[in-house]
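What follows is a short report on a single structure.
The values are calculated or read from the model by the stated rules, or taken from the named source; none is laboratory data. Quantities reported herein were computed from a predicted structural model and do not represent experimental measurements. Every residue, glycine among them, receives a Cβ derived from its backbone with ideal geometry; neighbour counts consider all protein chains shown. All accessible areas refer to the heavy atoms of the entire protein, side chains included, with ligands and DNA or RNA removed. Shrake-Rupley method; radii C 1.70, N 1.55, O 1.52, S 1.80 Å.
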Amino acid sequence: MNQDKKNQVNPKQRSAFKRIERMHPIRMLLYLSMVGIGVLFFVLVVAFARTGGFPPGQFDLPKFFSISTIILLFSSYTISKVPRFYKQEKLKKMARYLGATLGLGLLFIGAQLIGWNEMTKTGVYFSDKSSGTYLYLISALHILHLLGGIIFLSFMVFKTIYVNSDAVRSLVFIRDPFRRLQLSMLNSYWHFLDFLWLGLYLVLLFIA
């Protein structure tokens, strides 16, 4: 009797397994990639912390890192509106918000590069102290992962503008479950990178 109880699967566990089984393989791959990215940055932050950071009073995190963080949070807001416009079949508004997110993403990268320039002016170089190397590396790798999202975001912007010019193409676009999946995955990935950077920024703010 006790053995039978041990072999019984909890209903909640069974439900979780079913959700995983129903999940699209591409979405599963995205989630696994996000876990891998999270682990990578966790290792880098730990390595940066082990260097001891910078001596107190000798270095402040670049102001443009703060500006870029605000920009990225705004982009999280704009992309969060996209799924609703897609469901409402408002492709013109959807293209506008996708374009705004794209623009904010590019502004974030620009602000990060200006932040690098701020660091070089204060004497922090990529190949100088190990703490400086990790700081550049964390920022650069985040930009690299964001570029992946920007490339796909650019595709979705032009695709939405293109289909919006024709009623038949618009109908096919809206009824296509794969497009819905793509938008959902883009939304998830973008929010992940936004809040990943916010977490990194707050940690670096205290360590640096």
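Once the C-beta distance of LEU107 and PHE155 is scaled by a Förster radius of 22 Å, the resulting FRET efficiency is 0.70 to the nearest 0.05. The calculated 222 nm mean residue ellipticity attributable to helices in the chain amounts to -28500 deg cm²/dmol, summing -39500 (n - 2.57) over DSSP H runs of n ≥ 4 and dividing by all residues. Quarter the surface of the alpha carbon convex hull of the stretch 119-194 and you get the mean projected area, 6.7 square nanometres. Looking only at the stretch 169-208, which residues have a backbone nitrogen under 18 Å from a spot 7 Å from the Cα of LEU40 in the C-beta direction? So the set is 186, 188-201. What a 1.4 Å probe finds exposed on the chain is 65% carbon and sulfur by accessible area, rounded to a whole percent. A simple spin-label model places the labels of ARG84 and LEU141 3.5 nm from each other, with each point 7 Å out along Cα-to-Cβ.
When both the stretch 34-77 and the stretch 130-148 are represented by their alpha-carbon centers, they are found 9 Å apart. Heavy atoms of the protein chains alone define the surface here; on that basis the chain has 58 Å² accessible area per residue at 1.4 Å probe size. When the alpha carbon gyration tensor of the stretch 22-97 is reduced to an equivalent ellipsoid, its three semi-axes come out at 36, 22, 6 angstrom, largest first. In a fully extended conformation the segment linking PHE206 and ILE174 would gain 7.0 nm over its present Cα-Cα distance, using 0.36 nm per residue. Across the chain, C-alpha contacts under 8 Å between residues 6 or more apart give a mean separation that, scaled by the residue count, equals a relative contact order of 30 percent. Based on the reciprocal of the average 1/r between different C-alpha atoms, the Kirkwood radius for the chain equals 19.5 Å.
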